[in-house]
Amino acid sequence: MTSEFGALSLVPPLLAIALAIVTRRALLSLFIGIWAGGAIIAADGAETALEFVAVPFVAVVEAFGWIVASYGDDTFHAEIIAFTFLLGAGIALVWRMGGSVAVAQAATTRVDSHRRVGLAAWLLGLVWFFDDYANTAIVGSAVKDIADEVRMSREKLAYILDSTAAPVATFGISSWVAFQIGLIQDVYDSETISGETPSAVGTFLWSIPFNVYCLLALLMVLIIVLTRRDFGEMLDAETRAQRTGKVTREDATPLQSMKEDLGEPAVDDPLLRTFVVPVAVLVTVVIGGATITGFQAAGVTPGEVLSETGALIDLIDNTDFTGALVWGSFSMVATAVAMALYDDVLTLEESMETIFDGFGIMLTAVSILVMAWSIGTVAEVLETGRYVTALAEGIVTPTLLPVVVLLSTGIIAFSIGTSWGTMGIVTPIAVPMAYEIGSGSPELLSVAVGAIFSGAIFGDHCSPISDTTILSSTFAGADHIDHVRTQLYYALTVLAVSIVVYLLYGLFGLSPFVLVPIGAVVLVGLVYALSELDAARKNLVAKPFAGAGERDVPSDD
């Protein structure tokens, strides 16, 4: 069954995305896309000439209905908004107390090069695999000022955050994994599959080596960081940052800028603990709150979790990650205020003003988030995902299954801007499809699940309406569309190699444990080749700095 709107269902999200990339005006482009969805709905219901004339005005009413609903119809959305605002307040307080400057000064002697900063950000992203939102927020806040010191472009930092946070969440003990296992179990319990199936947990575990895009995306970040080679618009951004010291483009609009929005820190000799303690409280409360809610809701004991896989999955599935993010960010704010008063750095009145300033620096990001969620609702109403999936079903063979699932899932995620929503759409269709064409093969079921994860993350990385992409831009302090444009080249490169890996698997049945390392080698070769070709075309240097001496790069000033 396909969408009743057919190809028209693709118009609103693709229009918004195209306009955002071309004009760099994310909010305006998103609103136009939402309005276009309202116009399609209004035109479909119009019967008289007067109703057709009124379509543009009815579309405005529909658009604002979806926008307003995005604020509070979904508790998850409300919690993410609260978390973002509170974290902005916490970051602002830490900045005013000099914590960000202190951590940058403390790290300068150890993390003193472009490569080391990038590697530190990547490693921190791997460690924080529990939640992608907290990953980008915590790692971005910790690394941004150090990255500025070594002239790393904000586009590069946003890429490292974005291309580490979501992929790593698909492998570890995270809400992503629990959600997908739940979807698999729902399919197994439904009437769409009549024969025997492996366990949902077993299917997920075996899908990990087939989650090719996410594995290669993580490797791609490491390759880019270690080789210090770039291509596409990232080469332009890194060359600009290294030669001029401008970590953002001249006319860029960063989603947050501490120095411009908050002024200079209130102290001349900042203390490292003004950064470490509030962030430690944030991390502790998030992990502790999530764990406690999981145990309470799942009704399991620590012993059961350690000995039974099912109990562990129940614990993860019942964990309130977003609630814990809100509690943790509030605790960070409260701790920072207490420290500011205790150290006599800020008065209570100054602390409250800083909190409101912190809300302000997140306003643009939250506005884009709301618009992105709204256009996701438009895609849901128009059944965009169903239309794309129906197109893909007609060309599936066992050999092409992973490629078709990867591409169709990627298109859906790109169009609606949500990985979870995409997985919810595709899993109930792709898993039974894999079961049928593979005659119940457990391996082909895992291939389908791995390809679903891969496509969902790829689409997210390319889409300016993805919430994780928006938050990566926010906590890197980057212009959002600049982040999308620079990351796009790398995401497409990883996608191309992923398709080759899937085709080799489908054609020759080679093990993914062999194919993924081959893909990694191909990625290294592509990075070197594309960086040289692009640099020659632009008359630039493929490697615009040289290790620890990068601060001595000739300046254009």
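The values are calculated or read from the model by the stated rules, or taken from the named source; none is laboratory data. Quick caveat, the model's predicted, so the values are computed rather than measured. Here Cβ is always computed from backbone atoms with ideal geometry, including for glycine, and neighbour counts include all displayed protein chains.
For region 257-275, how many residues meet the condition of being modelled with pLDDT under 80, assigned to a helix (DSSP H, G or I) and of a type outside the set (D, E, K, R)?
Total meeting the criteria: 2.
Given the options Val61, Val117, name the one that is modelled with pLDDT of 85 or more, crowded, with 23+ Cβ neighbours inside 10 Å, β-branched (Val, Ile, Thr) and over 15 Å from the mean Cα position of the chain (by Cα).
Among Val61, Val117, only Val117 is modelled with pLDDT of 85 or more, crowded, with 23+ Cβ neighbours inside 10 Å, β-branched (Val, Ile, Thr) and over 15 Å from the mean Cα position of the chain (by Cα).
Can you find, within region 446-485, the residue that is farthest from Gly410 (Cα to Cα) among those that are in contact with a Ser or Thr (Cβ under 8 Å, 6 or more places away or on another chain) and among the polar types (S, T, N, Q)?
Looking at the filtered set, the residue picked out is Thr474.
(1) surrounded by fewer than 24 Cβ atoms within 10 Å (Cβ to Cβ); (2) in contact with a helix residue (DSSP H, G or I) (Cβ under 6 Å, 6 or more places away or on another chain): which one isn't true of Leu492, the others all being true?
(2)
Could you tell me which residue of region 280-304 is modelled with the highest pLDDT, considering only residues that are in a helix (DSSP H, G or I) and among the polar types (S, T, N, Q)?
Of everything passing the filter in region 280-304, Thr284 is modelled with the highest pLDDT.
Taking the condition under 22 Å from the mean Cα position of the chain (by Cα), modelled with pLDDT under 85 and part of a helix (DSSP H, G or I), does Ile34 pass?
For Ile34, the condition - under 22 Å from the mean Cα position of the chain (by Cα), modelled with pLDDT under 85 and part of a helix (DSSP H, G or I) - is not met.
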